[in-house]
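The values are calculated or read from the model by the stated rules, or taken from the named source; none is laboratory data. The structure displayed is predicted, hence computed values, not measured ones. Cβ coordinates were reconstructed from backbone atoms using ideal geometry, including for glycine residues, and neighbour counts include every protein chain displayed. Ligands, DNA and RNA are excluded from the accessible area calculation, which covers all protein heavy atoms including side chains. Shrake-Rupley method; radii C 1.70, N 1.55, O 1.52, S 1.80 Å.
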Amino acid sequence: MGEAFDYQAVVESVAAAPTRTALQELRNQWVGKKGWITEQMKGLSRLSPEERRERGALLNQWREAVLEALTNREEALLDAEERATLAAEGLDLTLPGRRPQAGLLHPMTRVRRRVEDVLLRLGFSLAYGPQVETEWYNFEALNMPADHPARDMQDSFFVDVPGLVLRTQTSPVQIRSMERHQGRLPVKIMAPGVTYRRDDDATHVPMFQQVEGLVVDTAISLADLTGTLTVMVHELLGSQVGTRFRPSYFPFTEPSVEMDVTCAVCEGSGCRVCKGTGWVEILGSGIVHPVVLKNGGYDPDEVSGFAFGMGIERVAMRLFGLDDLRLLYQNDLRYLERFQSGGGRGIS
Ligand SMILES: [Zn+2]
């Protein structure tokens, strides 16, 4: 046989094929089902074994070279077609892309983290408890038996399972933390989290966030309470803010005190917001009631403690200068973005 075949010329014609249709014709002509190389390979069986080996190797080499040229040319033509389409559609690939909008933290999350940061620096560690709580942890263990009038102060959401309630406060974490410490001292925890009450007006929402603080050790006094909370409030709101403590009543502390800060609107001179007093309440606190210590597994004759509970929304209203809390939870991005850095009375 030994028929002359200029495969270089074939490869060159493939590389120069002007269209994919022309390319397909070349493919058919040379390596298709009835292509010349294919036909030649079919004819190998008529040759002697020695000739077949020699001719077969040559045909394979040609076939591979042609196939490779076909693939390369096809890719180049597809590329060119794509560029032509883009040009026809007027797409300018050098235009800068649209930057995807990165997520932002909800303003309440940022305020909560700020409170946590301050308390971490003051030596408190984080503690958590369930949001669906037993009546024992939410009321009884905190010195509020079933007939206690303080339970009327809290409009609770009960769940279908008897004995369970959506926690009305973060205080049940006090008992749970003392139990976890198993009598060890000191207990110094903060418990941030959501709580639920049937309230809904400009300054109350049915689901709100609190942070609870509890310190139990030997010889903890009201002086530890006022000192710690004054530092915390100054760190949160600024050292120019005036503070005062008023006697109050909570079932789980004795004595109980509420802490006020100077009104942000009138700075203490008296206005509509502070009802003319110059002060607004920021948190409730007190010396842990002996019954609560006992329920947490501590001996009230040996140890003492103080506790506080602060509404994180209160802090947010103060930091952002809000008069309607509900807007924060309607999750309108245009509104929430005002409280990112640089907007509104943003926080760092
Ligand atoms: Zn005021």
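Worth pointing out:
For (1) outside any strand (DSSP E or B); (2) free of Cβ contacts under 8 Å to residues at least 40 places away in the same chain; (3) open to solvent by less than 50 Å² (accessible area, probe 1.4 Å), each residue gets a yes or a no:
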| site | (1), (2), (3) |
| --- | --- |
| 210 | no, no, yes |
| 216 | no, no, yes |
| 225 | yes, no, yes |
| 229 | yes, no, yes |
| 255 | no, yes, no |
| 258 | no, yes, yes |
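- Residue pairs meeting the criteria (Cβ under 7 Å; at least 6 apart or on separate chains; first in the same structural domain as residue 313 (by TED's automatic domain parsing), in region 271-288; second of a type in the set (Lys, Arg) and more than 7 Å from the ligand (Cβ to nearest atom)): 279/244; 282/314
- Residue list for region 267-285, restricted to those being within 16 Å of residue 311 (Cβ to Cβ) and small (Gly, Ala, Ser): 284, 285
- Between 255, 247, the distinction of being touching a Leu at 6+ places or on another chain (Cβ under 8 Å) and either more than 11 Å from the ligand (Cβ to nearest atom) or over 30 Å from residue 146 (Cα atoms) (or both) belongs to 255 only.
- Close contacts from region 297-322, counting a first residue that is in the same structural domain as residue 124 (by TED's automatic domain parsing) and a second that is assigned to a helix (DSSP H, G or I) and of a type in the set (Val, Ile, Thr), with Cβ to Cβ under 7 Å and a gap of 6+ residues or different chains, come to 312/111; 312/115; 315/111; 315/115; 316/111; 319/111.
- Only one of the numbered conditions (1) away from the ligand (no atom under 16 Å from the Cβ); (2) open to solvent by 30 Å² or more (accessible area, probe 1.4 Å) is violated by residue 276, and that is (1).
- Hits in region 115-136 (condition: assigned to a helix (DSSP H, G or I) and either modelled with pLDDT of 95 or more or of a type in the set (A, V, I, L, M, F, W, C) (or both)): 115, 116, 117, 118, 119, 120, 121, 136
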